[in-house]
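Beneath this line is the structure, given in structure tokens, with notes to follow.
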Amino acid sequence: MTAADASPDAGTIAFSVSDGVALSTALAQHVARQHGIRMLVIKGPISADLGLRTRRHSTDVDIVVEPDRAKDLIAALGEYGWTPRPWPDFPKLLEQHSRTLIHESWPNDIDVHHYWPGFLGDPRVAFDRLWLHRIQVQVAGHPIEAPDLAGSALVLALHSLREEGQVSVDSRQMTEYAELVEALKTMEGADSEFVSDSRISASLTEQILQDAVGTDSTQTARRFLIDLGHDVPLVPNSTASEALRLWRLNAKAEHAMTGWMLKLQRAPLLEKPSIAARAFFPARADLEAIDPDLRNGVITLRQAWWRRVSRGMHGLVQARRDLQAFDER
């Protein structure tokens with residue numbers, strides 16, 4: 001298939017979201033191979049195929065790409081009509097890790113990750129670790145590269161734990177986390193076709209620990225590793241890296257205002273007024289990117305501004321508490 005063959009001008013064919021996820025997974029893998037880009041498919045239906053969680057409705061494709069080639073893959077998919085979704089350049093507690101691609105003729109998105117949150121080591125080293133232990137699975141009749149059982153499990157756990165302090169135990173994230181832990185305990189000691197031939201250890205939980213060490217995620221995945229039976233001492237904030245402390249702050253921060261407050265706290269004095277003004281009254285393009293009601297003409301710009309001010313004021317108190325805990329040594 002060429003980009004011209006997949007052009008939206010060639011006609012639109014209606015299909016379900018699940019079919020869109022499968023077909024765009026195959027498309028992304030095809031394009032990556034065409035351009036010599038290493039890419040792994042994570043989460044979604046593949047996780048269910050591996051037995052790591054129950055099958056659920058997926059609305060997007062998650063892929064992680066070798067960090068130096070992520071922009072190349074985004075550009076290559078652009079030739080097929082996939083374009084980055086607008087997103088405001090607002091401060092985040094965790095570095096921006098992905099771009100979401102959308103297509104006017106497809107019912108799903110493609111999330112292109114240049115690193116996976118929770119892997120605190122060098123993104124290239126972390127990707128190489130996943131790539132070393134990759135497997136092939138079939139999606140839409142196409143061979144797809146994916147992390148093996150241990151690598152996929154670690155990715156899923158970090159996804160659930162990224163905001164564990166913000167959600168209830170019966171939330172989707174934590175329900176999936178509990179399912180993951182139970183599934184892995186059941187699999188331990190059993191043969192599986194989804195274990196990479198490059199693995200040295202026969203123990204699945206030991207493979208996960210080795211991947212956590214290799215990606216520098218033993219602290220971010222500490223709860224997961226302990227639940228699997230490993231003894232992982234806690235690194236206190238007083239000696240933790242900046243990246244780990246930000247992960248812990250993000251895991252418990254209940255409001256986006258925390259990111260703004262941290263940026264404001266660290267900014268030079270003369271820059272603080274402009275940062276505060278942008279936090280409460282961002283440009284229209286930024287608001288349209290995060291507020292569908294404004295983008296679709298349901299509300300006016302003035303209403304969008306005041307809704308944001310109201311939400312921001314409610315989040316200030318909690319943001320201050322979060323930052324006080326973050327600053328404690």
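The values are calculated or read from the model by the stated rules, or taken from the named source; none is laboratory data. Being a predicted model, the structure only gives us computed values, none of them experimental. Counting neighbours? That spans all protein chains shown, and the Cβs are built from the backbone with ideal geometry, glycine included.
Some notes on this structure:
- Any hit, the stretch 10-29, residues being hydroxyl-bearing (Ser, Thr, Tyr), modelled with pLDDT under 95 and more than 25 Å from residue 153 (Cβ to Cβ): yes
- Among (1) buried (at least 22 other Cβ atoms within 10 Å of the Cβ); (2) farther than 19 Å from residue 158 by Cβ, the one test that residue 41 misses: (2)
- Within the stretch 54-74, considering residues that are within 18 Å of residue 177 (Cβ to Cβ) and surrounded by 20 or more Cβ atoms within 10 Å (Cβ to Cβ), the one modelled with the highest pLDDT: 62
- Residue match in the stretch 190-208 (condition: under 20 Å from residue 247 (Cα atoms) and surrounded by fewer than 17 Cβ atoms within 10 Å (Cβ to Cβ)): no
- Residue count for the stretch 269-286 under the criterion of being over 15 Å from residue 258 (Cα atoms) and touching a Pro at 6+ places or on another chain (Cβ under 9 Å): the result is 4.
- Per this entry, residue 215 is counted among residues that are within 14 Å of residue 120 (Cα to Cα) and either polar (S, T, N, Q) or touching a His at 6+ places or on another chain (Cβ under 9 Å) (or both).
- Selected residue (criterion: nearest to residue 154 (Cα to Cα)) from residues of the stretch 224-242 that are surrounded by fewer than 17 Cβ atoms within 10 Å (Cβ to Cβ) and in contact (Cβ under 8 Å) with a residue 40 or more places away in the chain: 241
- Qualifying residue in the stretch 144-162 (condition: surrounded by 16 or more Cβ atoms within 10 Å (Cβ to Cβ), touching a Leu at 6+ places or on another chain (Cβ under 7 Å), at pLDDT below 95 and among the aliphatic types (A, V, I, L, M)): no
- When the stretch 172-223 is filtered for residues that are in a helix (DSSP H, G or I), among the small types (Gly, Ala, Ser) and over 18 Å from residue 53 (Cα atoms), the ones remaining, listed by number, are 212, 214.
- Wholly enclosed strands (runs of 3 or more DSSP E) of the stretch 78-171 bearing at least 2 residues farther than 26 Å from residue 208 by Cβ: 98-102, 109-113
- Inspection of the stretch 48-59 finds no residue satisfying the criterion of being in contact with a helix residue (DSSP H, G or I) (Cβ under 7 Å, 6 or more places away or on another chain), more than 30 Å from residue 187 (Cα to Cα) and aliphatic (A, V, I, L, M).
- Any hit, the stretch 262-283, residues being in a helix (DSSP H, G or I), basic (Lys, Arg), modelled with pLDDT under 80 and more than 20 Å from residue 316 (Cβ to Cβ): no
- Cβ pairs under 8 Å, 6+ apart, first in the stretch 27-45 and free of Cβ contacts under 8 Å to residues at least 40 places away in the same chain, second among the basic types (Lys, Arg): 37/69
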